[in-house]
Amino acid sequence: MENQQEQEYEYEYLGLMQIGYLLDKKAEELEEENYDGNEEIIVKTYEEASEICGYWAHGLALYYENQHYIIPFIEKQYLITIEHSDNVKPILNFADFYKNEKCSSKMIEYLELAIEKYQDSEAMIQLAAFYSTSDLHDYVKEYYFMAIERCKSVPMKKQFLEQRKLFWNENIKLIKYIDDYNWEKDNDIYRKLLSNGRTDDRINIYNNKIRLFTKLNNIMECGICYEIELNIDLKCGHCVCCNCYIITNDDPCPFCRIK
Ligand SMILES: [Zn+2]
Ligand SMILES: [Zn+2]
């Protein structure tokens, strides 16, 4: 009997969430239609959704953000969303909001929260990238490495392929970062990064290309970004700089379209 009651409660809860979801979708559709005079209905629909569950305040937060509403208004909706949410998305969006507002301390606060609550690798990578612009090398290393360890723990299954790709990209970025700044290479982080090549061929291939083309002194203008740097070859034989190699990997060659 007790079980049945619990179940009924759960169904009711699920039903309400479903209504919240539908209202949120409806508001999104109205937003897409984008004709004048819609604002009031859009806000009202989002509000109805968020009254059902605070999670749906996310739609309102994003809407206010797009409409350049006043900041405390947006912050309030994000805080409600985060309080009622069980996933990392609104926290990352909130951090992104502060990034656009050029408020670094708040951005850091929410990226750290995403790491603390969800061990989110994207937040780790964003923090590493942020600290690299202010030359705080120890933090850069710490966060890239954290992300790599995190991504490595992701299973090699189809639904996780994006994260595997991220792992590979970040691994190479960190090796390049260490090379660029001539950091001490005889350390655990570097050894671990290189040893990741054993579990992922692409890291090995990249490292071998760097070694070979450095020997060949293949420094030239990159056909993508026009920087004069060390160029390495793609599968088709065309050459690009290391940064563009990392970015374009898995895409067809930008010059001849061979994959
Ligand atoms: Zn380039
Ligand atoms: Zn090509």
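Tell me which residues, restricted to region 244-259, are without any contact (Cβ under 8 Å) to a residue 24 or more places away in the chain and out of contact with any Pro (no Cβ under 9 Å at 6 or more places or on another chain). Those that are without any contact (Cβ under 8 Å) to a residue 24 or more places away in the chain and out of contact with any Pro (no Cβ under 9 Å at 6 or more places or on another chain): Ile247, Asp251, Pro252, Cys253, Cys256, Arg257. Scanning region 228-244 for residues that are more than 12 Å from ligand 2 (Cβ to nearest atom) and surrounded by 12 or more Cβ atoms within 10 Å (Cβ to Cβ) turns up Glu229, Leu230, Asn231, Ile232, Cys241, Cys242, Asn243, Cys244. For Gln119, the conditions (1) crowded, with 19+ Cβ neighbours inside 10 Å; (2) under 19 Å from Tyr143 (Cα atoms); (3) not hydroxyl-bearing (Ser, Thr, Tyr) all hold with the exception of (1). Within region 231-259, the set of residues being near ligand 1 (Cβ under 10 Å from one of its atoms) and modelled with pLDDT of 90 or more comprises Asn231, Cys239, Val240, Cys241. The listed residues are Ile219, Ile205, and the only one of them that is within 13 Å of ligand 1 (Cβ to nearest atom) and either on the phi < 0 side of the Ramachandran plot or modelled with pLDDT under 90 (or both) turns out to be Ile219. Summed over region 37-58, residues that are closer than 16 Å to Ile19 by Cα and outside any helix (DSSP H, G or I) total 1. Would region 225-232 turn up any residue that is free of Cβ contacts under 8 Å to residues at least 24 places away in the same chain and farther than 21 Å from Ile178 by Cα? Among the residues of region 225-232, at least one is free of Cβ contacts under 8 Å to residues at least 24 places away in the same chain and farther than 21 Å from Ile178 by Cα, which makes the answer yes.
The values are calculated or read from the model by the stated rules, or taken from the named source; none is laboratory data. This structure is a prediction, so every number in the text was calculated from the model and none was measured. We place every Cβ from the backbone using ideal geometry, glycine too, and count neighbours over all the protein chains shown.
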